[in-house]
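First up is the structure itself, then whatever we jot down about it.
The values are calculated or read from the model by the stated rules, or taken from the named source; none is laboratory data. These figures come from a predicted structure and were not determined experimentally. All Cβ positions, glycine included, derive from the backbone under ideal geometry; neighbour counts span all protein chains shown.
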Amino acid sequence: MSDRLSRILNHEISNVNNHLPKRPITLKSLLRLDNKALPTRTGDKYVFDDKEVSQIASMLDEEDFSEVELPIFLTRRRDLGTGAFYVGGSRGNVYLVQRILGNVTTKYSTWKLIADVEKLRLIYRPEYAIVRKMLKTCTVPAFS
């Protein structure tokens, strides 16, 4: 691929991701905010649903709130096959997604000691749909 074409493609991908917050926030920090919103790359507001944030908090022990970064980026990975998505962010994010999918029943403090997180970061379209349906504002699609 030519250098010019590569720059154009990278620019377009960046524009597609303008809806994303500038940076994620830990669940612990988000729970402290009255207005649960973050600035996006374009300066708009990305607003979290209070019910979803509470639902996530109920899945974790309070001491693990700093282990989850929101929103959870679910990045489309065409290079890994049709319908493949990569769960971005912390180990806590992977735990949360796997727990929503019913693949984890243990507490995070136990799971993080035994889980091979990198193998669990990849999910596919049916799983993506389940996670997005449950957490519409606490997860965001991203493109690479």
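For the reader, a short list of remarks on this structure follows.
- Residue count for region 84-111 satisfying the condition of being more than 27 Å from residue 50 (Cβ to Cβ) and assigned to a helix (DSSP H, G or I): 1.
Conditions tested, residue by residue: (1) at pLDDT 95 or above; (2) of a type outside the set (Asp, Glu); (3) at positive phi.
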{"position": "78", "(1), (2), (3)": "no, yes, no"}
{"position": "94", "(1), (2), (3)": "yes, yes, no"}
{"position": "99", "(1), (2), (3)": "yes, yes, no"}
{"position": "107", "(1), (2), (3)": "yes, yes, no"}
{"position": "127", "(1), (2), (3)": "yes, no, no"}
{"position": "130", "(1), (2), (3)": "yes, yes, no"}
{"position": "133", "(1), (2), (3)": "yes, yes, no"}
{"position": "140", "(1), (2), (3)": "no, yes, no"}
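- Those residues of region 41-51 which are touching a strand residue (DSSP E or B) at 6+ places or on another chain (Cβ under 9 Å) and either crowded, with 16+ Cβ neighbours inside 10 Å or closer than 22 Å to residue 92 by Cβ (or both), in sequence order: 46, 47, 48
- Tally, over region 17-72, of residues that are of a type in the set (Gly, Ala, Ser), over 16 Å from the mean Cα position of the chain (by Cα) and at pLDDT below 95: 1
- Flag for residue 99 being of a type outside the set (Val, Ile, Thr), surrounded by 16 or more Cβ atoms within 10 Å (Cβ to Cβ) and in contact with a helix residue (DSSP H, G or I) (Cβ under 8 Å, 6 or more places away or on another chain): no
- Single residue of region 52-78 satisfying the filter (in a strand (DSSP E or B) and of a type outside the set (S, T, N, Q)) that is surrounded by the fewest Cβ atoms within 10 Å (Cβ to Cβ): 76
- Of all residues in region 38-48, none are outside any loop (DSSP other than H, G, I, E, B), closer than 23 Å to residue 112 by Cα, touching a residue at least 40 places away in the same chain (Cβ under 8 Å) and among the hydrophobic types (A, V, I, L, M, F, W, C).
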